[in-house]
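Participant: One structure is given below, represented as structure tokens, and several questions about it will come after.
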Amino acid sequence: MSAPSNYVCPYCAQKFEDNQALKSHVVTQHGKEPLPRPYGLIGLTVNGQHHEVKVEANTTLYELIHDQIGLTGAKMFCDRGACGSCTVIMDGRPILSCMTLAIECDGKSVETVEGIAQANHPLVETYVKHHAMQCGYCTPGFVVTAKALLDKNPDPSEDEIREALAGNLCRCGTYPQHPKAIAEAAMILQGGASHERG
Amino acid sequence: MKEADLDYEIEGQQFTAIGKRGIRRTDAFEKASGTAIYNADIKLPGMLYARALASPHPHARIIGMDTSKAESYPGVRAVLRCDDPEIKGKIVPGSYGAPWYVLPDYAAWEGEPVGVVVAGDTKQICDEALKLIHVDWEVFPFVIDEEDAVRRDDVKLVGEGQLDKERFEAANALNPYANVFSGVFRIAKGEHRYEKGDIEKGFKEADRILEFNGRRRWHTWAQPELPSAITRWNGGYPELWIKHQHVFEHKQAMSFWFDMPISRITTHAPYQGGMFGGWNWMNWSTVIHYITALLSRRLGGRPVKLLFNRRDDFYGGSMDIAVHTFKVGVKNDGTITAVAIKSIFSNGPKAPEPNMGIGHFLENTRIPNLLKENISGIVNKGPVNAVRCEQLTNTYCINTVFGHVANEMGLDATEVALKNDGYEGHDTDFLTNFKRRFGLPQRDSLKECIEAGKKAIGWDKKWHAPGAVKLPNGKMHGMAMVWTHEWNSKRGAGSAGLLIEPDGSVSLLGQRADVGVVAETAYCQIAADELGMRFEDVSLRQQKDTGFAMMTPDGSCNLCTNGYVVRRAARKAKQALLDFAANGYEEEGGPSSPPAFPGYKPGDLDIKESVIFVKKDPSIRKTVRDVVREVQCVQWWKHPQIYTYAWKQAGAWTDATGAAAKELVDYSQRPHLCRQAHFMEVEVDTETGKIDIVKVVNVNDVGKAINPDAVEGQQYGGAYMAASRAQTEELVWDLNTGVMLNGNLLDYKIATILDCGPIEPIIVETAMGYGPYGANGIGEDVADHMASLLGPAVHNALGVAIDDLPITPDKILKALGKI
């Protein structure tokens, strides 16, 4: 019976005499990083910046973005996927960050309202111009949802805008202003009349 | 000079910012870009979290408690029990100065925060620790339905009757800021009766008697941002981050609770995610800062943030939750001779208003005979509050009565309105004389509002007898309208400072909770125009603790209080600035600075676009920046900064000459001069029971729209909230267990963008309001009135009345005999 080895390949159980040999084997035979990542360590890109963060199994993407990374634009309104206030764009799709586990977001790319504003997306200024907010708590969720809509559909009809926003709640009732703001942003993106700071 | 002397209206005053559309809101970029910070977002160094135990029983008392497992749970830093010697049985003034337990041992509804608060490293740790607490409960009988509550006498709440009266009288005796609301604790069962004229005589004079029942079921505020309270005990200088409409009240409370000078307390007022009154009426909404202060003090000054979850925020209702019985006497021409309403309220009405429900009849109509009988049924469901706003009962009753009269008599609702209104569709001689006497414009607001609304919705072409129009799409078509007076609220007090900074920019200093009504921008507009500054040169420092408390965003009256405050401060500042420009500053043996406009008197100068100029020769000019900067630099001041202060206690309505305030003994007798009219068009699917609100027109005479975009925001925003209240909003309890069943936003539905058709807001400006520039409030009117306009509209569509809000599809189908 051979002596137990401290250097066992985690992929094929082959034993090695030293750490260097094990590392070489993992890289050449399995095409992997030599050491598995610690449990809960994920890497994701948020607004173009890469983050390596440790999360718990039950950490939501909202908690990661809002509490750990400190981008507080995404908001917690309903706590269960009913209001759209926590919406972020992940790999091109608007998703509810309160209903998404952070640990499943390894390797993903996320865009938040702060990233949208930083990129000078015209939606921010058209929202300002059209008073498409009152208390403002739900507004970031609307802006993110609208941005995802315009990414997919650069010239949406009013009905398409209303349909896209149907999952976002606004208790102040600012709804009539959103289609106006989004339509104007769409026009600007398509090279229409530039908006002015009113 | 008296402050009130600054309230005069200036003949022919020209405005640049006031009334202008497209003004860039001061809060908008932060909100749209996600950089606006709310209390819910705040995380301080070393901050701990706290959660309160929620009662699992609708009516119970804690008789024993084992918290040892929670105390030893990893990450728990403190457990505060209701039997802690420092707080046991302690009652303190809470929100509005109303007394409340710091931490009660008794729960009057399922979900009431009670017994114990746990502080720990995370919210999850606190929640887990709460599960480890063993509580021995003494469980009492409970009642959920208000009519049951009136019938039964086996459910007796602590807080009813003499025992509580003694308690809150004792608390009030200690309370330095008791006010009209401080008698509100747990209201006892009670009856109120109000009668005007001779009700029986009125019924005898009628051609027809209409009798019907109505109901408004339990609904609530559902504010977007969840409540939270953060306190950091910095030695003797506590610091509070507040989610509440009443920021300054927290200083008063902390001072009283901990016997410390107000000057040592710092408050922060981050952006507020909605509120609509509701939460800040809960007595403990302030008291939670007592708990976090106590915990922070015990934990070496680590900041403590007490959190509520979404379900916690559903335990509180609106003051209009009630069952009503109506009896109306009406003549064939639509003249109403008598209205009698008997109401059984759920935990209300909170304010001791015996005419609650009949108020708008008194204020708007000439119906001679009125009777209102109110009974309070006490249920185990939590307190009821003013949820945008306390007038909901009044609006429900007037809308329902006038809807029935129009629909049952087959009369045009606008004609019924004018037939019964206090001014017969045009102003009476009394009002005409009143306006003339006090220098108000001779405008007939009611007529203007109704005509504008009729035209916008196409009333003359679309109105019809009930149940008479089936549309090509198979749905039934309905129309309804109602009118009312300007929104009341002559209450309010506030103060602010105005500082001209060394670069010529203007800082308005006054702390205030920004709940999103754009008032902060409006204050800057007023200051800019009164000073002659550019709008962008003026900023309001409302989130900072500057020591001044502006009027809170309550009761549709903040602009009509703070507007005066800002105007007064700006008028004083302009005078001070022109004095300085003309005369300079000189101190014997001390600093001095020469006048910027030598040889001129202050009266020779004026300011426009942030430039001071000679009126007779505007080419002689200097910017405000140059005037104040030339003579002032770091560590070497040659003159004092220009600074003014102003305050206002509302209630004393003033007018163009300032005379009315002196002559009217009872300001509440000031007649309503500005009116509102609302119109609704619906389509009802008789197969599915679904209602489509296809058009809404809101006509509001706001006197003067300081910020028209913001006024419209309150109109369409209110219409959406009303559509929500009317169609879906209802909290449901299990009658057997007393447990709330739908305390979440999946099952308690609020309106989405798809739930209301086009809304046309129309602004009428007659300049006859009680605020500055003749303005009056707008924040609550539409949300209140439109909700109960749906009943008359559906009645008109179907020919069948459904007076039970919310009007859900099942009620439609039941009324049509289909289920």
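The values are calculated or read from the model by the stated rules, or taken from the named source; none is laboratory data. The structure displayed is predicted, hence computed values, not measured ones. Positions of Cβ are generated from backbone atoms using ideal geometry, with glycine treated the same way; all protein chains shown enter the neighbour counts.
Participant: Could you please give the count of residues in the range B:485-528 that are assigned to a loop (DSSP other than H, G, I, E, B) and not hydroxyl-bearing (Ser, Thr, Tyr)?
Facilitator: The qualifying residues number 18.
Participant: Answer yes or no as to whether B:Ala36 is in contact with a His (Cβ under 8 Å, 6 or more places away or on another chain), under 30 Å from B:Ala269 (Cα atoms), surrounded by 14 or more Cβ atoms within 10 Å (Cβ to Cβ) and not acidic (Asp, Glu).
Facilitator: No; evaluated as a whole, the condition is false for this residue.
Participant: Right, another one. Return the only residue of A:Leu41, A:Leu61 being at pLDDT 95 or above and either in contact with a His (Cβ under 6 Å, 6 or more places away or on another chain) or of a type in the set (A, V, I, L, M) (or both).
Facilitator: That would be A:Leu61, the only listed residue that is at pLDDT 95 or above and either in contact with a His (Cβ under 6 Å, 6 or more places away or on another chain) or of a type in the set (A, V, I, L, M) (or both).
Participant: Quickly run through the range B:304-327 and pick out the residues that are among the hydroxyl-bearing types (Ser, Thr, Tyr) and under 23 Å from the mean Cα position of the chain (by Cα).
Facilitator: B:Tyr315, B:Ser318
Participant: Could you say which residue among B:Asn796, B:Asn736 is surrounded by fewer than 24 Cβ atoms within 10 Å (Cβ to Cβ), assigned by TED's automatic domain parsing to the domain that holds B:Ala465 and not small (Gly, Ala, Ser)?
Facilitator: Criteria check complete, one pass: B:Asn736.
Participant: How many of the residues in the range B:93-117 are surrounded by fewer than 24 Cβ atoms within 10 Å (Cβ to Cβ) and within 12 Å of B:His289 (Cα to Cα)?
Facilitator: Total satisfying the criteria: 1.
Participant: Here is a further query. Hey, could you check the range B:300-317 for residues that are closer than 29 Å to A:Lys75 by Cα and away from chain A (no Cβ under 14 Å) and say which is surrounded by the fewest Cβ atoms within 10 Å (Cβ to Cβ)?
Facilitator: Only one residue fits best here, namely B:Gly301.
Participant: Among the listed residues B:Leu741, B:Leu746, identify the single one that is more than 22 Å from the chain's Cα centre (by Cα), free of Cβ contacts under 8 Å to residues at least 12 places away in the same chain and within 14 Å of another protein chain (Cβ to nearest Cβ).
Facilitator: It is B:Leu746.
Participant: Scanning for something closer than 19 Å to B:Val387 by Cβ and in contact with a strand residue (DSSP E or B) (Cβ under 6 Å, 6 or more places away or on another chain), does the range B:332-339 turn up at least one residue?
Facilitator: Scanning the range B:332-339 turns up no residue that is closer than 19 Å to B:Val387 by Cβ and in contact with a strand residue (DSSP E or B) (Cβ under 6 Å, 6 or more places away or on another chain).
Participant: Keeping to the range B:675-722, report how many residues are within 14 Å of chain A (Cβ to nearest Cβ), charged (D, E, K, R) and more than 13 Å from B:Asp755 (Cα to Cα).
Facilitator: 2
Participant: Separate question: Take the residues of the range B:30-46 that are at the interface with chain A (Cβ under 7 Å from one of its Cβ atoms) and either assigned to a helix (DSSP H, G or I) or at pLDDT below 95 (or both): which is nearest to A:Glu111 (Cα to Cα)?
Facilitator: For the range B:30-46, the residue satisfying everything is B:Ser33.
Participant: Restricting the range B:224-239 to residues that are within 14 Å of chain A (Cβ to nearest Cβ) and in a loop (DSSP other than H, G, I, E, B), which is nearest to B:Pro113 (Cα to Cα)?
Facilitator: Ranking the qualifying residues of the range B:224-239, first place goes to B:Pro227.
Participant: Does the range A:57-105 hold any residues that are of a type in the set (Asp, Glu) and at the interface with another protein chain (Cβ under 9 Å from one of its Cβ atoms), and which are they?
Facilitator: Result: A:Asp67, A:Asp79.
Participant: So A:Lys108 fits all but one of (1) out of contact with any Phe, Trp or Tyr (no Cβ under 9 Å at 6 or more places or on another chain); (2) within 9 Å of chain B (Cβ to nearest Cβ); what number is the exception?
Facilitator: Condition not satisfied by A:Lys108: (2).
Participant: Restricting attention to the range B:361-375, report how many residues are crowded, with 24+ Cβ neighbours inside 10 Å and either at pLDDT below 90 or assigned by TED's automatic domain parsing to the domain that holds B:Leu731 (or both).
Facilitator: 1
Participant: Which number in (1) surrounded by 24 or more Cβ atoms within 10 Å (Cβ to Cβ); (2) within 21 Å of the chain's Cα centre (by Cα) marks the one condition that B:Val330 misses?
Facilitator: That leaves (2) as the condition not met.
Participant: If I ask for residues that are within 14 Å of chain A (Cβ to nearest Cβ) and outside any loop (DSSP other than H, G, I, E, B), which ones from the range B:723-738 would you list?
Facilitator: Across the range B:723-738, the qualifying residues are B:Ala723, B:Ser724, B:Arg725, B:Ala726, B:Gln727.
Participant: Looking only at helices (runs of 4 or more DSSP H) that fall completely inside the range A:97-181, which ones have 1 or more residues that are over 18 Å from the mean Cα position of the chain (by Cα)?
Facilitator: Per the criteria, A:122-129, A:158-164.
Participant: So, one more: Just checking, how many residues over the range B:739-777 are touching a strand residue (DSSP E or B) at 6+ places or on another chain (Cβ under 6 Å), buried (at least 23 other Cβ atoms within 10 Å of the Cβ) and either in a loop (DSSP other than H, G, I, E, B) or outside the structural domain of B:Ile807 (by TED's automatic domain parsing) (or both)?
Facilitator: Going through the range B:739-777 one residue at a time, the tally reaches 2.
Participant: Then there's this: Just need a number here: residues in the range A:159-184 that are farther than 20 Å from B:Glu760 by Cα, facing chain B (nearest Cβ under 8 Å) and touching a residue at least 12 places away in the same chain (Cβ under 8 Å).
Facilitator: 4
Participant: Please go through the range B:461-484 and pick out each residue that is modelled with pLDDT under 95 and either within 13 Å of B:Glu683 (Cα to Cα) or not in a strand (DSSP E or B) (or both).
Facilitator: Matches in the range B:461-484: none.
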